[in-house]
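The values are calculated or read from the model by the stated rules, or taken from the named source; none is laboratory data. Just so we're clear, the structure is a prediction, and the values are computed from it rather than from any experiment. Reconstructed Cβ throughout: ideal geometry from the backbone, glycine too, with neighbour counts over all protein chains shown. Just the protein is used for accessible areas: all its heavy atoms, side chains included, with ligands, DNA and RNA removed. Shrake-Rupley method; radii C 1.70, N 1.55, O 1.52, S 1.80 Å.
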Amino acid sequence: MLKKVLSRQEFRFIAVGAVNSGWGLLSFPIFYWIASPFGISYIPVLIFTYAFNTLFSFATQKYLVFKSGGNHLKQFLKFCSLQGIILAINLVALPLLVTLIKLNPVVSQTLIALLFMVISYFFHKKITFNESQNKD
């Protein structure tokens, strides 16, 4: 029974997503709390966190969730394209939530991250790791 559950892509996505999400949610505050005493604001921390977590997330989703072969570079570029779009939106949304609504940066980033977790699954399933679109 456990083998059957583990073989389902949806379960693997939830499990890997939980790890990626947990780390993603923890990494921003960790990096923020480390950087802020040095006068580094939340925007550079956000950019660093995105770069670091993009590499980690790509590897775990490619090899553990979608078990995808295909063209690694092509997949990585698609993966990074979505991450870039998410980052661009996040770079606008995070300061708006912090400055206009006066939410804490950590709370704001958590809310933004939760929204994009759902969007990412469908994009990566249908586009990034879709074997029929990633042949050489």
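Hey, does segment 78-96 have a residue that's more than 28 Å from Lys125 (Cβ to Cβ) and either in contact with a helix residue (DSSP H, G or I) (Cβ under 8 Å, 6 or more places away or on another chain) or in a helix (DSSP H, G or I) (or both)?
Yes, some residue in segment 78-96 is more than 28 Å from Lys125 (Cβ to Cβ) and either in contact with a helix residue (DSSP H, G or I) (Cβ under 8 Å, 6 or more places away or on another chain) or in a helix (DSSP H, G or I) (or both).
I'd like to know if segment 45-65 contains one or more residues that are farther than 19 Å from Ile86 by Cβ and more than 11 Å from the chain's Cα centre (by Cα).
The answer is yes, given that some residue of segment 45-65 is farther than 19 Å from Ile86 by Cβ and more than 11 Å from the chain's Cα centre (by Cα).
So, in segment 1-38, of the ones that are polar (S, T, N, Q) and at pLDDT 90 or above, which residue ends up nearest to Ser108 (Cα to Cα)?
Restricting to residues being polar (S, T, N, Q) and at pLDDT 90 or above, the top hit is Ser27.
Quick test of your reading of the structure: Cys80 fulfils all but one of (1) closer than 28 Å to Asn104 by Cα; (2) open to solvent by 30 Å² or more (accessible area, probe 1.4 Å); (3) touching a residue at least 60 places away in the same chain (Cβ under 8 Å); (4) among the hydrophobic types (A, V, I, L, M, F, W, C). Name the failing condition by number.
It fails just one condition, (3).
Would you mention how many residues in segment 99-120 are in a helix (DSSP H, G or I) and either modelled with pLDDT of 95 or more or open to solvent by 80 Å² or more (accessible area, probe 1.4 Å) (or both)?
Qualifying residue count, segment 99-120: 6.
In segment 67-77, what count of residues is obtained for those that are surrounded by 14 or more Cβ atoms within 10 Å (Cβ to Cβ) and either free of Cβ contacts under 8 Å to residues at least 40 places away in the same chain or within 10 Å of the chain's Cα centre (by Cα) (or both)?
Count: 1.
Please verify whether segment 43-66 includes one or more residues that are open to solvent by 70 Å² or more (accessible area, probe 1.4 Å) and outside any helix (DSSP H, G or I).
Within segment 43-66, none of the residues are open to solvent by 70 Å² or more (accessible area, probe 1.4 Å) and outside any helix (DSSP H, G or I).
For segment 110-130, indicate whether the set of residues that are among the β-branched types (Val, Ile, Thr) and closer than 15 Å to Tyr42 by Cα is non-empty.
Checking segment 110-130: at least one residue is among the β-branched types (Val, Ile, Thr) and closer than 15 Å to Tyr42 by Cα.
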